Amino acid sequence: MGDSFLFSPNDIAALVFYLGVWVFFALAADGRLFRRISLTSAMNVQREAWMRTMAKRELRMIDTSIMIGLQQGTAFFASSSIFAIGGCFALLGASNHVLAVVSSLPYAASPAQGLFETKILGLIALLAYAFFKFGWSYRLFNYCSILIGAVPTTQEGIVAPHETEAAVMRAAKMNILAGKHFNAGLRGIFFSLAYLGWFVNAGVFAATTLILLAVLVRRQFFSNARAAVLVAVAPQAGPGNG
């Protein structure tokens, strides 16, 4: 019976490849592997520019509205992760029916029930990781809102410039950190989609991982969104930003 929980060498190789791609892309998106500026790195420069512009405004309704939007988006993905986890537990309760459907797919292997349920537990772990990242990001955006409120305006004239600069950098770093955890949660959601290929077979798992990598690399390094941001940040951004 214990054999039903053992992965084949192809499964293990596909899983190692999957995790390696995840780590590789996370480092690349953070600007740690290539000199080419990623969309994430470019947006981090804009986050800091936002905080500097915010410090010049006496009325900061615009900034609080942006923060509310960021928090709502983060809360949406956190809720979606919880619903997806619930769906995975429902799959565990109906594994016999799901196995029958999977087995009918072209080129699909017929895994033992124990192995299939182990893969579902892995998917639950991925979604739980994404949920915790979104939850922490939501909390950090909340902290950032407080730090924005603590930034004195540059027009006040009674606050030393270095104190204003320090307050701006605190808010900027918190905002960048919140964005970093949000992006990590979003990667968890994206990679959970590639993980679904494993329910067919190891070859499809590797293929879906490569397809996802191609899509994410294009968005980070070759997309129109990146080009639009770099119109403003090219003189400032560097490979270490992110």
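The values are calculated or read from the model by the stated rules, or taken from the named source; none is laboratory data. Only a predicted model underlies this, so the values are computations on that prediction, with no experimental measurement involved. Virtual Cβ from ideal backbone geometry, glycine too; neighbours counted across all protein chains shown.
Specify the residue that is modelled with the lowest pLDDT; the eligible residues are those in region 160-175 that are loosely packed, with under 15 Cβ neighbours inside 10 Å and either aliphatic (A, V, I, L, M) or closer than 24 Å to ALA78 by Cβ (or both). Ranking the qualifying residues of region 160-175, first place goes to ALA160. The number of residues in region 189-214 being in contact (Cβ under 8 Å) with a residue 12 or more places away in the chain, under 18 Å from SER38 (Cβ atoms) and either surrounded by 21 or more Cβ atoms within 10 Å (Cβ to Cβ) or more than 9 Å from the chain's Cα centre (by Cα) (or both) comes to 3. If you check LEU91, LEU19, LEU70 for being part of a helix (DSSP H, G or I), at pLDDT 90 or above and more than 24 Å from ALA178 (Cβ to Cβ), only one passes: LEU19. Set side by side, the residues PHE25, PHE83 differ, and just one is buried (at least 19 other Cβ atoms within 10 Å of the Cβ), more than 30 Å from ALA150 (Cα to Cα), under 19 Å from the mean Cα position of the chain (by Cα) and aromatic (Phe, Trp, Tyr), which is PHE25.
In region 208-221, which residues are farther than 13 Å from VAL21 by Cβ and in contact with a Lys or Arg (Cβ under 9 Å, 6 or more places away or on another chain)? Spell out the reasoning first.
At the first step, the residues of region 208-221 found to be farther than 13 Å from VAL21 by Cβ are 218-221.
The answer is ARG219, GLN220, PHE221.
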